[in-house]
Amino acid sequence: MMLFDYMSIFIGMLILIIGVLISVAFLTLLERKILGYIQIRKGPNKMGFMGLLQPFSDAIKLFSKEQTYLLYSNYMSYYFSPILSFILSLMIWILMPYYFNMVSFNLGILFFLCCTSLGVYMVMVAGWSSNSNYALLGSLRSVAQTISYEVSLSLILMSCIIMVMDFNLIKFMEYQMMIWFLFLMFPLSLCWLSSSLAETNRTPFDFAEGESELVSGFNIEYSSGGFALIFLAEYSSILFMSLMFSLIYLGGYNLNLMFYLKLIFISFLFIWVRGTLPRYRYDKLMYLSWKVYLPVSLNFLLLFVGVKIFLL
């Protein structure tokens, strides 16, 4: 490849990362506004026009605060785990299926599963290295929850892969020209949506941050920049899960306004659920994963294998 090609790929990646960071900033603003109106109050409305500059002032405040260094923490792992979790959450975005000079993944779904599995380690290390009992408890809960729901996520994905017979995300668009997969596998799409809520530690599955018993969970000892990076990683993964839902069930990737509206709607659902539903009980969460989603996704997988064999 020529130097120009490498340069264009690098610039494309840079634009992608900046775009993700800006969209994460405004997703936090959207969340605060929606939660405000759900709770019959205004939300941020002072900074700039209707509070539009609020995310940037928050970012400046967080990154300019003094970083606290814990005396009894395992310093290196404590310091680097938020950075690595943030890098991982940005790495997944390379998957977004472009038509131009970016990386085209033929094994994109496998890459997605690998990156989401690695994210678990960052949470575990962040909780353990803080050397705080509450942080450790929060990280252990979070790891158990994420691993459980990764099983159901990958099995739900298997049904879609059986339909498409390819790991490339571009193929999902070609197979949904006539009918969306949402209508072919509606129960599975709902399972995927709630599993992605559990995967990203969102309400009603936010046991890693149970305020009543853990104060804030695995990130309790983080302040300023470290906390901001964990926060950015979480919201970036929420956006990516919304993107995956749009790709797999809502007609694939089209470079048009409709695709982005679908993405925003799914992100809005994440926030709406947070404002509406109370937290689950922890044993019910595990029961849901192993006793409900696992059998349902396995049965659907067998059904789609049968359909595929019959059609061939």
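For the ranges 218-227, 261-270, what's the packing order if you count other beta-carbon atoms within 10 Å of each residue, average per peptide, and put the highest first? Write out the running numbers ahead of the final one.
Values: 218-227: 20.8, 261-270: 17.1.
Result, highest mean Cβ count within 10 Å first: 218-227, 261-270.
The calculated P(r) of the range 235-312, using every Cα pair and 10 Å bins from 0, goes 15, 27, 37, 19, 2 in percent. Extension gain for I17 to C114 (0.36 nm times residue separation, less C-alpha to C-alpha distance): 32.9 nm. Only helical runs count toward this figure. For the chain, summing -39,500 (n - 2.57) over DSSP H runs of n ≥ 4 and dividing by all residues gives -23000 deg cm²/dmol at 222 nm.
How high is the relative contact order of the range 65-311, in percent, counting Cα pairs under 8 Å that sit 6 or more residues apart?
Values: 327 pairs, mean separation 66.8, N = 247.
Relative contact order, the range 65-311: 27 percent.
State log₁₀ I(q)/I(0) for the range 246-285 at q = 0.16, 0.26 Å⁻¹ as given by the Debye formula over alpha-carbon point scatterers of equal weight, solvent excluded. Results for the range 246-285 at q = 0.16, 0.26 Å⁻¹ read -0.55, -0.83.
Taking the inverse of the mean reciprocal distance over all distinct Cα pairs, the Kirkwood hydrodynamic radius of the range 1-119 comes to 17.7 Å.
Under a point-charge model restricted to the Cβ atoms of Lys and Arg (+1) and Asp and Glu (-1), what is the dipole moment magnitude of the range 209-312 relative to its Cα centre, in debye to the nearest 20? Write down the numbers at each step before the final one.
On the way: 7 positive and 6 negative charges, 105 e Å.
Its charge dipole is roughly 500 debye.
Divided by 2.2 N^0.38 Å, where N counts the residues, the Cα radius of gyration of the range 80-157 comes to 1.28. Using only alpha-carbon positions in the range 160-206, the gyration tensor eigenvalues give semi-axes of 25, 12, 8 Å once each is multiplied by 5 and square-rooted (largest first).
Around I147, what is the net charge, scoring Lys/Arg as +1 and Asp/Glu as -1 over all other residues with Cβ under 13 Å from its Cβ?
Details: positive: R141; negative: E150, E199.
That works out to -1.
The translational diffusion coefficient of the range 178-295, from Stokes-Einstein at 37 °C and 0.692 mPa s with a Kirkwood hydrodynamic radius over alpha carbon pairs, comes to 209 µm²/s.
With the convex hull of the Cα atoms taken as the outline of the chain, the averaged projected area works out to 18.4 nm². When peptides 23-29, 88-94 are ranked by their average number of other Cβ atoms within 10 Å per residue, the highest-first order is 88-94, 23-29.
Quick note: the coordinates plus some simple rules give every number you see, no bench work behind them. Predicted model only: the values in this text are computed from it and were never measured. Please note: Cβ atoms are built from the backbone with ideal geometry, for glycine as well, and neighbour counts cover all protein chains shown.
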